[in-house]
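Presented below is the structure to which this report refers.
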Amino acid sequence: MANAIGLAQLGWGQVAPNPLVGAVILNGPDVVGSGYHARFGERHAEVAALEEAGPRARGGTLYVNIEPCNHYGKTPPCTRAIIDAGVARVVVGSRDPNPIASGGAERLRAAGIVVDFDVCEKEAREINNAFFNSFSSDRPWVTLKLAMSLDASIAPADRSTLMITNEASRQFVHRMRAQNDAIAVGAATAAADDPQLTARSDPPPRVAPTRIVFDRSARLSSQSKLAKTAREVPVLLVTGETTSLPADLANLGVGGLPAHDLADALKKLKTRGINSLMVEGGAGLAASFLGSGFVNRLVIFHAPIILGAGSLNAFAGIAAQTIGDAPRFKIISSARLDDDVMTVYTVEKD
């Protein structure tokens with residue numbers, strides 16, 4: 001199953017709104033076939049593995065990180081291919097939450113195939129957390145990314161915009177962007193940094209993430225990189241309920257989304273098909289998301305520098321907390337990126 005989950009991630013940025021799926025077929029001790037869902041609309045992982053295995057799949061065991069689909073969509077149901085191949089057993093990481101595609105286990109069992117669930121379920125769900133969330137929440141899955149110094153600063157005292165983290169970290173951030181439906185910053189960050197907010201990954205994402213600025217007063221400059229490229233990659237301003245989008249921005253193709261508050265904005269983004277949102281700053285927006293409890297994953301890139309007095313602390317906008325009431329985060333994973341360290345956290349639930 002670990003191999004199947006690893007294969008699934010080869011479809012990174014290419015399969016949404018479908019989940020990342022990998023499959024491995026064993027016959028006895030031998031791996032006879034493997035595959036993954038490479039691109040939306042193309043063959044599924046199970047079919048790719050079955051095609052590689054050929055007749056060696058008969059009597060074998062298929063491992064797949066999510067329940068095989070049981071409906072006709074862009075491709076025929078995987079359950080049909082598994083049954084026709086004579087597979088004897090299917091081991092599944094997690095059930096499919098999609099009511100249209102689910103029911104695969106029952107169909108396979110009806111055909112006499114043994115089906116086992118919940119092998120590496122936590123890991124299987126983690127790589128598709130936004131997909132699972134899309135069926136259970138009215139808000140997008142939110143990843144808050146922060147790049148900071150060892151003393152938790154995101155900008156030096158002079159507020160210069162030079163990068164804190166190294167090239168390896170920046171490349172990883174572009175990979176993260178590629179797996180999200182949208183990338184967001186606050187109005188102050190958009191003004192100070194003039195970012196592109198594009199996913200410059202290899203390969204590039206199948207669909208470029210929408211670029212979002214939380215900008216209650218619609219102050220984004222028409223001369224910004226975001227505004228000038230809005231017809232190439234969508235740009236959306238989340239504004240106050242009574243804020244009108246300036247004509248110069250609208251003429252450039254910038255869209256507007258009036259919202260009462262952050263919760264309202266997130267619900268409206270979800271209705272627009274944004275199931276995963278990557279928030280990249282600045283400190284004010286990060287505080288708003290964390291303070292509202294809307295962050296599902298916190299990803300921190302620590303660079304081995306100390307910025308000292310007067311620097312901008314990443315969490316300065318968060319209200320004071322007592323030890324007992326402060327939200328507690330749990331480490332999911334950590335990785336070294338040259339001299340930087342990336343840590344992924346989740347909020348620990350009671």
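Quick look at the values:
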| item | result |
| --- | --- |
| Normalised per residue, the volume of the convex hull around the Cα set of the range 54-140 (Å³) | 101 |
| Mean accessible surface per residue for the chain, computed with a 1.4 Å probe while every protein chain stays in place, in Å² | 47 |
| Potential extension, Ala319-Glu52 segment - 0.36 nm per residue separation minus Cα distance | 90.5 nm |
| Where Rh is the Kirkwood radius over Cα pairs, Rg/Rh for the range 260-309 | 1.08 |
| Amide proton proximity set for Ile212, modelled H, under 5 Å, gap of 5+ | Ile183, Ala184, Val185, Leu236 |
| Nonlocal amide H pairs with Trp141, under 5 Å, H built at 1.01 Å | Ser276, Leu277 |
| Gain on full stretching of the segment that runs from Val347 to Asp264 - 0.36 nm per residue minus C-alpha separation | 27.7 nm |
| Positive dipole terminus of the chain, leading residue within His71, Ala45, Gly293 (C-beta point charges) | His71 |
| For the chain, calculated [θ]222 nm from helices alone, where every DSSP H run of n ≥ 4 adds -39500 (n - 2.57) | -6500 deg cm²/dmol |
| Cut-off 19 Å (backbone N to label point 7 Å along Cα→Cβ of Arg159), residues of the range 224-265 | 224-225 |
| Under 15 Å, Cβ to Cβ, from Gln196 - net charge with Lys/Arg +1 and Asp/Glu -1 | +3 |
| Approximate spin-label separation Thr75-Ile332, in nm, with each point projected 7 Å along Cα-to-Cβ | 2.5 |
| Share of carbon and sulfur in the accessible heavy-atom surface of the range 189-228 [1.4 Å probe, %] | 46 |
| Cα→Cβ-extended label distance, 7 Å offset, between Glu106 and Ser244, nm | 5.4 |
| Kyte-Doolittle mean at least 1.6 and Cα axial length at least 24 Å: DSSP H helices in the chain | none |
| The range 281-350: relative contact order in percent, alpha carbon pairs under 8 Å with at least 6 residues between | 40 |
| Net lengthening on full extension, Asp151/Asn166 (0.36 nm per residue, minus Cα-Cα) | 3.7 nm |
| Listed residues Val173, Val347 arranged by accessible area, highest first, probe 1.4 Å | Val347, Val173 |
| log10 of Debye I(q)/I(0), alpha-carbon scatterers only, for the range 203-350 at 0.16 Å⁻¹ | -1.09 |
| Relative contact order, percent, the range 150-249 [alpha-carbon distance under 8 Å, six or more residues apart] | 24 |
| In nm, spacing of pseudo-spin labels at Arg231 and Ala191 (7 Å Cα→C-beta vector) | 2.8 |
| All lysines inside 21 Å of Lys330 as judged from Cα atoms, apart from same-chain residues fewer than 8 positions distant | Lys122, Lys145, Lys349 |
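The values are calculated or read from the model by the stated rules, or taken from the named source; none is laboratory data. Since we're looking at a predicted model, the values are computed, not measured. Neighbour counts are summed over all protein chains in view; Cβ atoms, including those assigned to glycine, are modelled from backbone coordinates with ideal geometry. Protein only, heavy atoms only, side chains kept; ligands, DNA and RNA dropped before computing areas. Shrake-Rupley method; radii C 1.70, N 1.55, O 1.52, S 1.80 Å.
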